[in-house]
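*Asks:* I am attaching a structure below and will ask some questions about it afterwards.
The values are calculated or read from the model by the stated rules, or taken from the named source; none is laboratory data. Bear in mind the structure is a predicted one, so any value in this text is a computation, not a measurement. Glycine gets a Cβ as well: all are built from the backbone with ideal geometry, and neighbour counts include every protein chain shown. Note: areas computed on protein heavy atoms with side chains; ligands, DNA, RNA excluded. Shrake-Rupley method; radii C 1.70, N 1.55, O 1.52, S 1.80 Å.
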Amino acid sequence: MSVGDPDSLLPPEVPQRPKPKRLRPGRANRNEVLASIEEDRRPIAEVALQGMAAVRKRVKEENAKIAEAGGTPMPEASGLEDGRGDAAATSGR
């Protein structure tokens, strides 16, 4: 190899590390929490564990059923805040 050879400028080959195993979320804590909740409140907790999108969808479905029955639906904005409150607005997020 000469000084002008492009292969001489490359660093030596570094051995590749094996990929680490991907951590997969378990359900042990989730199931433990569900088991500790009263039976009549469990469906609400199961929806809440699916995330806010599932809660919003469920509220819309329940409001449609209540409206068909002639009742007063729950305001969709109540109870669906993201929990950040005014602190998020003032912190610059």
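*Asks:* Would you check if Asn29 is surrounded by 10 or more Cβ atoms within 10 Å (Cβ to Cβ) and among the polar types (S, T, N, Q)?
*Replies:* no
*Asks:* Something else now. Pairs needed: first member in the stretch 52-67, of a type in the set (Gly, Ala, Ser); second member anywhere, at pLDDT below 90 and not in a helix (DSSP H, G or I); C-beta distance under 9 Å; at least 6 residues apart or different chains.
*Replies:* Note: pairs meeting the criteria are Ala64/Pro73; Ala67/Pro73.
*Asks:* Residues in the stretch 49-75 that are open to solvent by less than 60 Å² (accessible area, probe 1.4 Å) and within 21 Å of Asn31 (Cβ to Cβ): how many?
*Replies:* Residues flagged as open to solvent by less than 60 Å² (accessible area, probe 1.4 Å) and within 21 Å of Asn31 (Cβ to Cβ) within the stretch 49-75 amount to 3.
*Asks:* Out of the residues in the stretch 25-44 that are aliphatic (A, V, I, L, M) and closer than 19 Å to Arg58 by Cα, state the one that is modelled with the highest pLDDT.
*Replies:* Leu34
*Asks:* Would you point out the residue of the stretch 1-23, among those that are touching a Ser or Thr at 6+ places or on another chain (Cβ under 8 Å) and not hydrophobic (A, V, I, L, M, F, W, C), that is modelled with the lowest pLDDT?
*Replies:* Result: Ser2.
*Asks:* Residues in the stretch 22-45 that are more than 14 Å from the chain's Cα centre (by Cα) and assigned to a helix (DSSP H, G or I): how many?
*Replies:* The qualifying residues number 15.
*Asks:* Give all pairs with beta carbons closer than 9 Å in which a residue from the stretch 25-46 that is touching a residue at least 12 places away in the same chain (Cβ under 8 Å) meets a residue that is open to solvent by 70 Å² or more (accessible area, probe 1.4 Å); count only pairs at least 6 apart in sequence or on separate chains.
*Replies:* Cβ pairs passing all conditions: Leu34/Glu46; Ala45/Val33.
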